[in-house]
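Below you'll find the structure, written out as structure tokens, and then a few comments.
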Amino acid sequence: MRTNIVLDEDLVAQAMKYSAARSKRGVVHEALATYVAVKAQEQRMATYKERLGDVRRKLLDASIRTSSRDIIRADRRRGADARRRCNSTLQPTTQRLSVWR
């Protein structure tokens, strides 16, 4: 789309220092693409913050039946039981192997 606009020459010169584009058209195109990307990221962050706020509100309403200490203790007990079972199945055998001569 062809559009005629008046640009600040000093601002365009500064933008060209930072841009890989070598023409004013390229600089304007890059600036618009950057603007769109930044605004899209801001919108994603805003919706993320809203969703995070919803989750936090739901968690505040949720009740925990078991304390975190009890959960950790139960987990440690399960781990110790599993190690005990594993060690009991790995007892060394006392059978002698016969060697053929």
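Among the residues of the range 1-60, write down those that are assigned to a loop (DSSP other than H, G, I, E, B) and under 37 Å from the mean Cα position of the chain (by Cα). Residues satisfying the conditions are 19, 20, 21, 22. Of all the residues in the range 61-88, those that are within 28 Å of the chain's Cα centre (by Cα) and surrounded by 10 or more Cβ atoms within 10 Å (Cβ to Cβ) number 3.
Quick check on residue 98: is it among the hydroxyl-bearing types (Ser, Thr, Tyr) and at pLDDT 80 or above? Let's see the steps before the verdict.
Values: among the hydroxyl-bearing types (Ser, Thr, Tyr): yes; at pLDDT 80 or above: no.
Taking the combined requirement at face value, the residue does not satisfy it.
Against the list (1) surrounded by 10 or more Cβ atoms within 10 Å (Cβ to Cβ); (2) touching an Asp or Glu at 6+ places or on another chain (Cβ under 9 Å); (3) free of Cβ contacts under 8 Å to residues at least 12 places away in the same chain, the condition residue 20 fails is (1).
The values are calculated or read from the model by the stated rules, or taken from the named source; none is laboratory data. Fair warning: this is a prediction, and the values are worked out from it, not measured in the lab. Cβ coordinates were reconstructed from backbone atoms using ideal geometry, including for glycine residues, and neighbour counts include every protein chain displayed.
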